Each structure stands twice: as structure tokens, then as C-alpha cells.
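The structure appears right after this line, and notes come after that.
Taken together, the values in this text are just the output of simple stated rules run on the coordinates, not laboratory data. This is a predicted model, so every value here is computed, not measured. All Cβ positions, glycine included, derive from the backbone under ideal geometry; neighbour counts span all protein chains shown.
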Amino acid sequence: MDEEKEKWVEAIFQSMKDSRRASPKPELLSKINEKIHFEQVDFVPFTKLRYGLVAAIFVLLVNSIALVYYVQNQRLNYKERTFMNVYNESLINSYQIY
């Protein structure tokens, strides 16, 4: 099986032996240079950039306000839980008077 594959590969190489090397069209280089030199670049206008920056700042501001609110709410919940635990504890641990 391997000998058949090797013969097939060798036959392919032998068939390519007399062929010419591929060459591009002579005007191809000039067309490429024209496209490179005359290609227009789209610039983002400064106004759109400003709108993007304002939107990003707004999102960051809203997120920071939400984070501060969440942290304060967690602190209040912790204080309320500890406050309620103090009042839920009984004054007398055992009901035996004497």
C-alpha cells in the first residue's frame, strides 16, 4: 500500500517537472499599488467619539452608584440582623428560678 502511494506521488512530481513556473500578470503590481495609494480611510468624526465617551462615562457612573447602593444595603442588612439577634436572645437561659 505504501509503495503504491509513493509511486503515485513520484508520478505527480514527474508530471510537474516540465511545467512552467506560475507568474502573475504584468499589470497586477501596478493595480495593487494604485489600490494602496488611492484607498480612502474612513475616520471616525470627533463628535461620534465624544458621544461614545459620554455613554461610557454614563454607564460607569450608573454602575458605581449601583455598587455603592448595594454595599450600603448589605451593611444595613448586617446591622439589622445583629440588632435583631440581640433582642431575640432571652434574658434567662434556664427557667429554673432556684
Checklist line | Additional length obtainable on full extension of the chain from A55 to V9, 0.36 nm per residue less Cα span | finding: 10.4 nm
Check: In whole Hz, what ³J(HN,Hα) sequence does segment 45-58 give by Karplus (6.51, -1.76, 1.60; θ = phi - 60°), x for Gly and Pro?
Finding: x, 5, 5, 5, 5, 5, 4, x, 5, 5, 5, 5, 5, 4
Margin query: Run the simple label-point estimate for L29 and V41 please: 7 Å along Cα→C-beta, distance reported in nm.
Written below: 2.6 nm
